[in-house]
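Worksheet: the structure to be examined is printed underneath.
What follows is calculated from the coordinates using simple rules that are stated; it is not laboratory data. Nothing here was measured: the structure is a model prediction, and the numbers come from that model. Please note: Cβ atoms are built from the backbone with ideal geometry, for glycine as well, and neighbour counts cover all protein chains shown.
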Amino acid sequence: MQTLEASTYGQGRRENTSFVTDDTCLVTRSSRDDREQRWQVLIDVLTDWAMHPEELDEDGLEPPTQDVIQRAAWLACNLCEAGVRPPTRIVPNGDGGLAFESLQGDEFEALEIQNDLSVEFTFFKNSALKQRIKLA
């Protein structure tokens, strides 16, 4: 995962906004303690998903696999330790994977873990794809 450090995911170029839309979303603030607490909330959500995968089982959508959830938790721990800003939310992708997503103004970042455990970073500005990096 060395290439992850070279990506721009979670680096943020301006102050974060604060909002929560549901249990899977995180409040964004700026201090280190708050950042670590938000990552812990994310890890707790992943733990809950691992223990209760049926909660994510929707019509025609494949919930994240246990391996994907485990990889996401590992990634979340490492990103937290590296001081990376947590995502705005975490969402299942419907194909057995999940994504960490961040939206700030006209910029959108996603770190997606596919059901084959591959990881991809994408960055959009004004809805136009600006960067796509296969990380693993």
Subject >> Flag if VAL45 is surrounded by 14 or more Cβ atoms within 10 Å (Cβ to Cβ) and either out of contact with any Phe, Trp or Tyr (no Cβ under 9 Å at 6 or more places or on another chain) or in a helix (DSSP H, G or I) (or both) >> reply: yes
Original post:
Pairs under 7 Å by beta carbon, first residue polar (S, T, N, Q) in the range 52-75, partner not in a helix (DSSP H, G or I), six or more apart or different chains?
Top reply: THR65/GLY96; THR65/ASN115
Original post:
Could you say whether any residue in the range 89-101 is in contact with a Leu (Cβ under 8 Å, 6 or more places away or on another chain), assigned to a helix (DSSP H, G or I) and surrounded by fewer than 16 Cβ atoms within 10 Å (Cβ to Cβ)?
Top reply: no
Subject >> Conditions (1) surrounded by fewer than 20 Cβ atoms within 10 Å (Cβ to Cβ); (2) touching a residue at least 60 places away in the same chain (Cβ under 8 Å); (3) closer than 15 Å to LEU98 by Cβ: number failed by LEU79 >> reply: (1)
